[in-house]
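The values are calculated or read from the model by the stated rules, or taken from the named source; none is laboratory data. Remember, it's a predicted structure, so these values are computed and weren't measured experimentally. Cβ placement follows ideal geometry from the backbone for every residue including glycine, while neighbour counts extend to all protein chains displayed.
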Amino acid sequence: MLEWLPTVLKGIGDSKLAAILREQVSLLELQCDQAIGERDVLATKLAQAKAKIELLESDNAQLKAELDDSQRKADDDLVPFKGALWKRKPGGGYYDDVLCRECHQPMVSSHGVLSFVCVPCNVRVNFTGKQLAEVMRGLP
């Protein structure tokens, strides 16, 4: 007489299981939608970061070119003569600073009687402070 009971109980169990599964599927769909939203946000951030990187690389290349140009111009202003470097004045002529041919720093001549020497590099030239005016007259 109760042969139908296991079938009914199984149907009831199946409907409870189906409800639980539907709830879990609904939760998974919600999590999937959230993950897709997060992915889209991250994709947008990545695109913005790539654009910023391109801009920074472009700016960096431009600044490097400007630096190279500036250094080239600075080197063009330095004239080698008698083992030293001489900086051109904008209006013509030269500054009377004797510059090291290695590090481009000013050289010194003790009391004008010793040869000019670069203290950091220990580079020496064959003229003294007393001979500076004569050497400068020979500059090209």
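One residue stands out among those in the stretch 123-140 that are among the small types (Gly, Ala, Ser) and farther than 20 Å from Asp77 by Cβ: the one that is surrounded by the fewest Cβ atoms within 10 Å (Cβ to Cβ), which is Ala133. The set of residues in the stretch 53-74 that are closer than 30 Å to Leu139 by Cα and exposed (fewer than 11 other Cβ atoms within 10 Å of the Cβ) comprises Glu66, Leu67, Asp68, Asp69, Ser70, Gln71, Arg72, Lys73. Among the residues of the stretch 98-122, those that are closer than 25 Å to Arg72 by Cα and either in the same structural domain as Gln71 (by TED's automatic domain parsing) or within 34 Å of the chain's Cα centre (by Cα) (or both) comprise Leu99, Cys100, Arg101, Glu102, Cys103, His104, Gln105, Pro106, Met107, Cys118, Pro120, Cys121. For first residues located in the stretch 78-104 and farther than 16 Å from Glu134 by Cα, partners that are small (Gly, Ala, Ser) and surrounded by 13 or more Cβ atoms within 10 Å (Cβ to Cβ) and lie 6+ apart or on another chain with Cβ distances below 9 Å form the pairs Leu99/Ala84; Cys100/Ala84; Arg101/Gly83; Arg101/Ala84.
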